[in-house]
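As structure tokens, the structure follows; a few thoughts come after it.
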Amino acid sequence: MMVAPPVRKGDHKWMRRPLPAETLSAKQQHCITTAIYFEARGETVKGQAAVAQVILNRVRNPAYPDSACGVVYQNAEMRNRCQFSFACDGASERLKSERARKQAEWIAKAVTKGELFIPEIGSSTHYFADYVRPKWAGSMVKMASIGAHHFFKTRRGGWR
């Protein structure tokens, strides 16, 4: 059974929305696992869980698609302009490291079930790696830096 994450003061109200039951399906878990693998494979468990939490925050947020695969592959047809860079960079999505894949699978399931939650990123719906400087970052609230990623939430709870 999936529970809504703990909502703290300052988190957006949509955090209380439960995830759709199909979020635990093999297909949806594969999308989350693939995103963790390619976006945060070299990070700690906490850093990888934070990426998964952003994906699930977007699933809960009515401004985004209501499935993990919908979130991960949103705008994937727009080369280098999608939500998660691995989804539209043209590179293979083959998960080559068995160990890293298994860890990403475990993290995806634990975050989805609410067994693993990173309070300091709360209702963050955006992040970026420390080697890029996206324009949107200045219009959002920085929540935390974990490993090589910086996490942000919107000011009003929607897309921006």
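Values in this text are rule-based calculations from the coordinates and carry no lab data. Because the structure is predicted, anything quoted here is derived from the model rather than measured. When we count neighbours, we look across all protein chains shown, and the Cβ atoms used for this are built from the backbone with ideal geometry, even at glycine.
Structure above, values below:
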quantity	calculated
For segment 28-44, 3J(HN,Hα) per residue [Karplus equation, 6.51 cos²θ - 1.76 cosθ + 1.60, θ = phi - 60°, Hz, x = Gly/Pro]	5, 5, 5, 5, 5, 4, 4, 5, 4, 4, 7, 8, 9, 3, x, 8, 5
CD proxy at 222 nm, helix term only [per DSSP H run n ≥ 4: -39500 (n - 2.57); per residue of the chain; nearest 500]	-10500 deg cm²/dmol
Cross-link pairs K96/K135; K109/K135; K13/K96; K109/K153; K13/K102; K96/K153 - those with Cα-Cα distance over 30 Å	K96/K135; K109/K135; K13/K96; K13/K102; K96/K153
Distance between modelled label sites at L24 and E77, nm, 7 Å Cα→Cβ extension	3.4
Three-way shape call for segment 89-156 based on the alpha-carbon gyration tensor, with the a/c threshold at 1.5	oblate
Backbone HN-Hα couplings from phi across segment 112-125 [Karplus 6.51/-1.76/1.60, Hz, Gly and Pro as x]	4, 7, x, 7, 9, 9, 9, x, 5, 9, x, 8, 4, 10
Calculated from backbone phi, Karplus (6.51, -1.76, 1.60) coupling profile of segment 95-111 in Hz, x at Gly/Pro	7, 7, 8, 4, 4, 5, 5, 4, 5, 4, 4, 4, 5, 4, 5, 5, 5
Label-point gap, in nm, between K96 and F128 - each point 7 angstrom along Cα→Cβ	2.8
Difference of contour (0.36 nm per residue) and Cα-Cα distance, K135 to K109	6.2 nm
Equivalent ellipsoid, the chain (semi-axes from 5 times Cα gyration tensor eigenvalues, Å)	21, 19, 15
Percent antiparallel among DSSP beta bridges (both partners in the chain, rounded to 5)	100
Under 12 Å, Cβ to Cβ, from A50 - net charge with Lys/Arg +1 and Asp/Glu -1	-2
